[in-house]
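Colleague: After the structure tokens below, expect a handful of questions from me.
The values are calculated or read from the model by the stated rules, or taken from the named source; none is laboratory data. Remember, it's a predicted structure, so these values are computed and weren't measured experimentally. Note that we place each Cβ from the backbone using ideal geometry, even for glycine, and neighbour counts take in every protein chain shown. Each accessible area value is taken on the protein alone, full model and side chains, heavy atoms only, with ligands, DNA and RNA left out. Shrake-Rupley method; radii C 1.70, N 1.55, O 1.52, S 1.80 Å.
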Amino acid sequence: MTAGGQRSLHQAAVAQFQRAADLIDLEPRYREILSYPKNEIIVNFPVTLDDGSLRVFTGYRIQHNNILGPYKGGLRFHPQVDLDEVRALAAWMTFKTALAGVPYGGAKGGLTLDPADFSRDDMRKIVRRFTHALGSNIGPDHDIPAPDVGTSSETMDWVMDTYANISPPGFRQSVKGVVTGKSIAVGGSIGREEATGRGVLYSLRHWCGETGTRLDDLSVAIQGFGNVGSHFGLLAAEAGCTVRGVADHTGTIVNLEGIEVEKLRSWVDEQGGVAGFPGADDASTEDLFSLDVDVLVPAALENQVTLERAKAFKGRLIMEAANGPTTPDADDYLNDNGIDVVPDILANGGGVIVSYFEWLQNKSARAWSFEDVDDRLRDLMWQAHDRVASTHKEHNCTRRDAAYIVALDRLVDVYNRRGIFP
Ligand code: NAD
């Protein structure tokens, strides 16, 4: 528990899967295994910065589970990063990959810093030293990082290049798959950049099919306009949704007639945030959560949809593009009040699915077309949604519980067949 008696983020993540485990009477030994990360790697490494000063940084890589395949999960660079957060994010990855049906386990890593405080040269040095410090704890068949909050394809290019340079010469070309989310020129996949946002739109399409709702009738509010939020916003607007509100770390903007998302994207590229966008009115953070919209898409950080904000929400659906955006009490309130929640491990699985495609392309030294990537992304998202939808009906449980049941079924099946060593 935290000092205030609240569950920590990792404890909340464990409680989520335990709820689903109760519904399927999961054997205690599997509950026990999945309640702990397998490995917790903490590294301290020095970097001489541009101004000549030396700073020691602390980096985390938490490897939660690898029964289904190599550890897989993003690297987050943000001032709020701490061990507990990374533990929770790593556990969610185990369930996300199992649910998506890709042959990976779960991991997450991070640095407690704001990339905006450092020059590009400093960030490159920090990323290289972090990668060097992680050393053989990552690898293309062992643990495969990817972008998350505060990291990008450029970060992944630096990780890959550093890892290649510390590999024996004969392996330098075959280690490209040590990270996914690289730039295309460096070995990334077409379609990876927008994959998470695209997957969120597929999730919304599936929900529309389930509930008999027209996608182009929906109005949307988005919290977070980085990789996931901006790509989702662009695609949703293209599909006919009205984006009425957007918030990021610089502010909140609202236009009930609809925000022109392409123009907002150019504004954010130039200005660094949504605040002051001429095509909308400035508003408060709380205005975003009480806006007159059908769908709220949190695409920023954890614990943003609090009980108070859930009570203020007027719409029908929370589509969790971010990881862990809904607090447990808000989740209970939404479920009790008939507001649908499509859970993170299902809604934002598009990123790890296309990461898997990138890894396959790296292994076979081939490049797929956009159509190949997109068709297969849609198929895997659809299969996961179909299974969650039928489990949701069969068990008469929440979509979150159903998503965990589907993931647990897959994990437990493999544990049962392989047995527990020795
Ligand atoms: P990003 O760094 O590209 O963007 C983060 C966004 O959140 C930015 O717009 C930032 O301004 C905003 N933000 C930060 N603090 C905020 C605050 N207090 N209030 C409002 N907005 C705030 O990160 P991203 O990759 O888009 O990741 C967003 C979420 O999606 C995270 O939860 C991440 O774990 C999850 N996710 C990302 C991927 C991926 O492929 N990048 C995949 C799956 C899940």
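Colleague: With the cut-off at 20 Å, report for segment 39-176 the share of all Cα pairs above it, as a whole percent.
Modeller: Working: 4116 of 9453 pairs.
In whole percent, the long-distance tail amounts to 44.
Colleague: A follow-up question, please. Measure out, as a whole number of angstrom, how far apart the alpha-carbon centroids of segment 118-152 and segment 325-367 sit.
Modeller: Using only Cα atoms to place each centre, the spacing works out to 23 Å.
Colleague: If you place +1 on the Cβ of every Lys and Arg and -1 on the Cβ of every Asp and Glu, how big does the dipole about the Cα centre of segment 195-342 come out, in debye to the nearest 20? Write down the numbers at each step before the final one.
Modeller: On the way: 10 positive and 24 negative charges, 60 e Å.
So the dipole magnitude of segment 195-342 works out to roughly 280 debye.
Colleague: A further question follows. Sorting check: for 262-268, 383-389, which peptide has the highest mean count of neighbouring beta carbons within 10 Å, and how do the rest follow?
Modeller: Values: 262-268: 16.7, 383-389: 20.4.
Answer by packing, highest mean first, reads 383-389, 262-268.
Colleague: Would you grab the residues whose amide H sits under 5 Å from the one on Val81? Only those 5+ places off in sequence or on another chain, please, with H modelled 1.01 Å from N.
Modeller: Leu113
Colleague: Also, quick follow-up: Can you give me the pair-distance distribution of segment 113-228, C-alpha pairs, 10 Å bins, whole percents?
Modeller: Computed distribution, short to long bins: 12, 35, 27, 15, 9, 1.
Colleague: May I ask for the percentage of alpha-carbon pairs in segment 70-130 that lie more than 15 Å from each other? All intermediate terms of the calculation are to be shown ahead of the outcome.
Modeller: Details: 1005 of 1830 pairs.
Of the Cα pairs, 55 percent sit more than 15 Å apart.
Colleague: From the alpha carbon gyration tensor of the chain, can you work out the equivalent ellipsoid semi-axes (sqrt of 5 times each eigenvalue) and give them in Å, largest to smallest?
Modeller: Working: eigenvalues 188, 146, 90 Å².
In descending order, the three semi-axes are 31, 27, 21 Å.
Colleague: Another one. Where both partners of a DSSP beta bridge lie in the chain, what percent of those bridges are antiparallel, to the nearest 5?
Modeller: Numbers: 24 of 47 bridges.
Bridges in the chain that DSSP calls antiparallel: roughly 50 percent.
Colleague: Set Lys and Arg Cβ to +1 and Asp and Glu Cβ to -1, take the dipole of the chain about its Cα centre, and tell me which of Asn348, Ala237, Ala280 lies farthest positive.
Modeller: After comparing all options, I get Asn348.
Colleague: Quote the charge dipole size of segment 39-176 about the Cα centre in Debye, to the nearest 20; the model charges only the Cβ of Lys and Arg (+1) and of Asp and Glu (-1).
Modeller: Working: 14 positive and 16 negative charges, 82 e Å.
So the dipole magnitude of segment 39-176 works out to roughly 400 debye.
Colleague: Still on this structure: Which value, in Å² and to the nearest 10, is the accessible area of Arg376 when all protein chains are kept and the probe is 1.4 Å?
Modeller: Result for Arg376: roughly 100 Å² accessible.
Colleague: For n ≥ 4 DSSP H runs only, could you compute -39500 (n - 2.57) per run for the chain, divide by its residues and tell me the 222 nm figure to the nearest 500? Mind dumping the intermediate values first?
Modeller: On the way: 15 runs with 192 residues, N = 422.
Value at 222 nm, helices only, nearest 500: -14500 deg cm²/dmol.
Colleague: Using a 7 Å offset from the Cα along the Cα-to-Cβ direction at both Asp281 and Asp372, what is the distance between the two label points in nm, to one decimal?
Modeller: 5.0
Colleague: Additional query: How long are the semi-axes of the equivalent ellipsoid of segment 27-74, defined as square roots of 5 times the Cα gyration tensor eigenvalues? Whole Å, largest first. Walk me through the intermediate numbers first.
Modeller: On the way: eigenvalues 251, 24, 7 Å².
Semi-axes, largest first: 35, 11, 6 Å.
Colleague: Please say if segment 339-422 is rounded, prolate or oblate, where rounded means a/c under 1.5 for a ≥ b ≥ c the square roots of the C-alpha gyration tensor eigenvalues, and otherwise the choice is prolate for a/b larger than b/c and oblate otherwise? Can you show the working numbers first?
Modeller: Values: a/c = 2.84, a/b = 1.29, b/c = 2.19.
In terms of gyration-tensor shape, oblate.
Colleague: OK, next. For the chain, with only Lys/Arg (+1) and Asp/Glu (-1) charged at the beta-carbon, what is the dipole magnitude about the Cα centre, in debye rounded to 20? Present the calculation step by step, with values, prior to reporting the outcome.
Modeller: On the way: 42 positive and 58 negative charges, 340 e Å.
Using Cβ point charges on Lys, Arg, Asp and Glu, the chain gives about 1640 debye.
Colleague: Provide the packing ranking of 314-322, 103-111, i.e. peptides ordered by the mean count of other C-beta atoms within 10 Å per residue, highest first.
Modeller: On the way: 314-322: 22.6, 103-111: 26.7.
Put in order of decreasing packing, that is 103-111, 314-322.
Colleague: Looking at Gln304, Leu264, Ser290, which one has the Cα that reaches farthest to the positive end of the dipole of segment 195-342 (charges on Cβ: Lys, Arg +1; Asp, Glu -1)?
Modeller: Leu264
Colleague: Under a Cβ-Cβ cut-off of 10 Å, what is the net charge of the residues other than Leu307 that fall near it, where Lys and Arg count +1 and Asp and Glu count -1?
Modeller: Overall, the nearby charge balance is -2.
Colleague: Shifting gears a bit: Report D for segment 197-341 in µm² per second (integer): Stokes-Einstein, Kirkwood Rh on Cα pairs, 20 °C, 1.002 mPa s. Mind dumping the intermediate values first?
Modeller: Working: Rh = 14.8 Å.
Diffusion coefficient, whole number: 145 µm²/s.
Colleague: For segment 99-230, what % of the accessible area comes from carbon and sulfur atoms, probe 1.4 Å?
Modeller: Numbers: 2340 of 4790 Å².
C and S fraction of accessible area: 49 percent.
Colleague: Using amide H atoms built 1.01 Å from N in the peptide plane, name the residues 5+ places from Gly74, or on other chains, whose amide H lies under 5 Å from its own.
Modeller: Gly109, Ala146
Colleague: Starting at the first residue of segment 58-75, write each ³J(HN,Hα) from the Karplus equation 6.51 cos²θ - 1.76 cosθ + 1.60 with θ = phi - 60°, in whole Hz, x for Gly and Pro.
Modeller: Couplings: 10, x, 10, 9, 9, 9, 7, 7, 9, 5, 9, x, x, 4, 8, x, x, 10 Hz.
Colleague: Continuing with the same structure: If packing is taken as the mean number of other Cβ atoms within 10 Å per residue, what is the order of 207-220, 398-411, highest first? Let's see the in-between values first.
Modeller: Working: 207-220: 15.4, 398-411: 23.6.
Top of the packing list down: 398-411, 207-220.
Colleague: Hey, which of these cross-link pairs are over 32 Å Cα-Cα: Lys38/Lys182; Lys311/Lys393; Lys38/Lys176; Lys72/Lys263; Lys314/Lys393?
Modeller: Details: Lys38/Lys182 27 Å; Lys311/Lys393 25 Å; Lys38/Lys176 25 Å; Lys72/Lys263 34 Å; Lys314/Lys393 25 Å.
Table pairs above 32 Å Cα-Cα are Lys72/Lys263.
Colleague: Another question, if that's okay. Can you list the residues, at least 5 places off or on another chain, whose amide H is less than 5 Å from the amide H of Gly315, using H built in the peptide plane?
Modeller: Counting only residues 5 or more places away or on other chains, the set is Val293.
Colleague: A further question follows. Select from Leu317, Leu408, Ile33 the residue farthest towards the positive end of the dipole of the chain; place +1 on Cβ of Lys and Arg, -1 on Cβ of Asp and Glu, and compute about the Cα centre.
Modeller: Towards the positive end, the residue furthest out is Ile33.
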